[in-house]
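The values are calculated or read from the model by the stated rules, or taken from the named source; none is laboratory data. Model, not experiment: these values are computed from the prediction. A quick note on method: Cβ atoms are made from the backbone with ideal geometry, for glycine too, and the neighbour counts reach across all protein chains shown.
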Amino acid sequence: MTATLTNLDLKKLDDAHHLHPFTDFKELSAAGGSRLITKGEGSWIWDSEGNRILDAMAGLWCVNVGYGRKELADAAYRQMMELGFYNAFFKTTTPPAAELSAKLAEITPDGLSKVFFANSGSEANDTIVRMVRHYWNLKGKPTKKAFISRVHGYHGTTMASTSLGGMPVMHSQGDLPLSGFHHVMPPYTYELANGMDPEAFGRLAARAVEQKILELGAENVGAFIGEPIQGAGGVLIPPDSYWPEIQRICAEHDVLLIADEVICGFGRLGQWFGSQRYGIKPDFMTLAKGITSGYVPLSAVMVGDRVAETLIEEGGEFYHGFTYSGHPVACAVALANIAVIEREGLVDRARDDIGPYLRGRLEEELADHPIVGEIRSEGLIGAIEIVKDKRTRERFPGDGKVGLVARDHCFRNNVILRGIRDSLVFSPPLTLSHEEADEMARLARRSLDETARDLGVL
Ligand SMILES: Cc1ncc(COP(=O)(O)O)c(C=O)c1O
């Protein structure tokens, strides 16, 4: 970084030149541009004004081991000095790429023993779309090309991964989804169960996938993709009955099952992977984010044995890959990151200690809050539903924007939670301490009090 630039200079440069992701460019500029984030340590980040902010979103659901880990920086430095880059195209590999492949095969569930590297969750899901289409062609079933996913699903922003996602606003730009991508109801119990027993509702939501398969014809359906818990769609936690039913449906109709573990993987649900939490046996698993705790970009596609065998035995050359597939520095950081998660027992900690503790503290602070309809969580991911009427679950008017009002109050109170429609969601580092969980619950309470006042409730 150029030492002579002041923070104000940097903000001006950013405003002049940087087009931010998922941002209304004009609105951001009119509001004075971006907040400059300058430092991170543990669960905290700092901005250029010197504010210390509790990051209850772990960046974008990714900084699982917390900020400022020297082990990860050392691993990157050592690898950059040893071999800063080499590709995996020329019948070549590098020590970190080889070691990480084996490590991922070891820690992911049985039946996933091959890995294809990419740089982002979007690219990994794009890779899976290509593999699924190639696989069914090789199997002599070229019509099996349709993909089924859920409304409120999020799978990234390339053309194919946006099409996989179930976000109408994203589809509204650029004529998406592409043809052959279909969406069914999500297992969003709070919003959709209508008083039904949750387990019965879970089976009902799963059967929406079966209905879609029957409507399209199983001979035309290649794969179903789902996040074990839908993250960016609002942390939709399925009833335990949901995934076993999905598994049965996919097996019965010979539809490949893709578990998008970009958020759920690497300990967030209190298991290494969400698939273990819900007993999913996927044909593909998408990994990103927590694989390096976000310190450097890396993603991976875990390929299940039956698909891998076909691609290897019958597929010939697979004409796909990225310059940085298996980047040695990213792989070295991933190995160091996984070593931290193992050494500090962060997966068990999310399940047995800090996950339940945080949930308890949020319930103590918020269960009786007049605009809180539900607090739900699993491990260290969760959501707070905001409603006008706790009993009837009636929402506030305003088109599902109340989450953003609450989010803005959180920001002003120096805690980061994310607003999604009429909810606040959280996904803190797995290293969150009890004191930090106390602070998070207290600041969430204050922010929701302020939101309620804005809405004329308090
Ligand atoms: C479940 C899921 N899949 C895929 C993606 C896309 O990942 P990326 O932003 O790295 O392309 C995300 C990002 O939030 C995600 O949450």
>> Given the criteria in a loop (DSSP other than H, G, I, E, B), among the polar types (S, T, N, Q) and crowded, with 24+ Cβ neighbours inside 10 Å, does SER293 qualify?
In response: yes
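Only helices (runs of 4 or more DSSP H) wholly contained in region 1-91 count here; list those with 1 or more residues that are in the same structural domain as ALA288 (by TED's automatic domain parsing) and of a type in the set (Gly, Ala, Ser).
Details: elements: 7-17, 25-30, 58-61, 70-83.
Result: 70-83.
State all residues of region 273-289 that are more than 12 Å from ALA330 (Cα to Cα) and outside any strand (DSSP E or B); if no residue qualifies, say none. Even if it seems obvious, please write down each step before you answer.
First pass over region 273-289, keeping only residues more than 12 Å from ALA330 (Cα to Cα): 273-287.
Listed by number, the residues that qualify are PHE273, GLY274, SER275, GLN276, ARG277, TYR278, GLY279, ILE280, LYS281, PRO282, ASP283.
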> For ILE107, which of the numbered conditions (1) buried (at least 23 other Cβ atoms within 10 Å of the Cβ); (2) closer than 30 Å to VAL425 by Cβ; (3) not assigned by TED's automatic domain parsing to the domain that holds CYS410 fails to hold?
Replying inline: (1)
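Consider VAL301 carefully, then state whether it is modelled with pLDDT of 95 or more and under 18 Å from GLU106 (Cα atoms). Reasoning before the result, please.
On the way: modelled with pLDDT of 95 or more: yes; under 18 Å from GLU106 (Cα atoms): yes.
So VAL301 fits the description; yes.
Closer than 26 Å to ARG376 by Cβ, out of contact with any Leu (no Cβ under 7 Å at 6 or more places or on another chain), surrounded by 24 or more Cβ atoms within 10 Å (Cβ to Cβ) and at pLDDT 95 or above: which single residue out of GLY226, GLY233 fits that description?
Answer to the selection: GLY226.
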>> Every residue in region 384-433 that is hydrophobic (A, V, I, L, M, F, W, C), out of contact with any Lys or Arg (no Cβ under 7 Å at 6 or more places or on another chain) and not in a helix (DSSP H, G or I), please.
In response: ILE384, ILE386, VAL415, ILE416, ILE420, PHE426, LEU432
> If we scan region 312-319, do we find a residue that is of a type in the set (A, V, I, L, M, F, W, C), under 27 Å from PHE85 (Cβ atoms) and part of a helix (DSSP H, G or I)?
Replying inline: yes
> Out of region 129-178, which residues are buried (at least 21 other Cβ atoms within 10 Å of the Cβ) and charged (D, E, K, R)?
Replying inline: LYS144, ARG150
> What are the residues in region 160-188 that are within 20 Å of GLY234 (Cα to Cα) and out of contact with any strand residue (DSSP E or B) (no Cβ under 8 Å at 6 or more places or on another chain), if any?
Replying inline: SER161, THR162, MET167, PRO168, VAL169, MET170, HIS171, SER172
> How many of the residues in region 100-130 are within 16 Å of the ligand (Cβ to nearest atom) and either assigned to a helix (DSSP H, G or I) or touching a Lys or Arg at 6+ places or on another chain (Cβ under 7 Å) (or both)?
Replying inline: 10
> Among all residue pairs at least 6 apart or on different chains, which show Cβ distances below 6 Å where the first residue, located in region 242-260, is under 16 Å from PHE147 (Cα atoms) and the second is assigned to a helix (DSSP H, G or I) and polar (S, T, N, Q)?
Replying inline: ALA259/SER275
> Just checking, which of GLY373, GLY379 is at pLDDT 95 or above, on the phi > 0 side of the Ramachandran plot and among the small types (Gly, Ala, Ser)?
Replying inline: GLY379
>> Of the conditions (1) in a helix (DSSP H, G or I); (2) surrounded by fewer than 24 Cβ atoms within 10 Å (Cβ to Cβ); (3) touching a residue at least 40 places away in the same chain (Cβ under 8 Å); (4) not assigned by TED's automatic domain parsing to the domain that holds ALA406, GLU365 satisfies every one except a single condition; which number is it?
In response: (4)
> What about ILE37, is it within 21 Å of PRO428 (Cα to Cα) and crowded, with 19+ Cβ neighbours inside 10 Å?
Replying inline: no
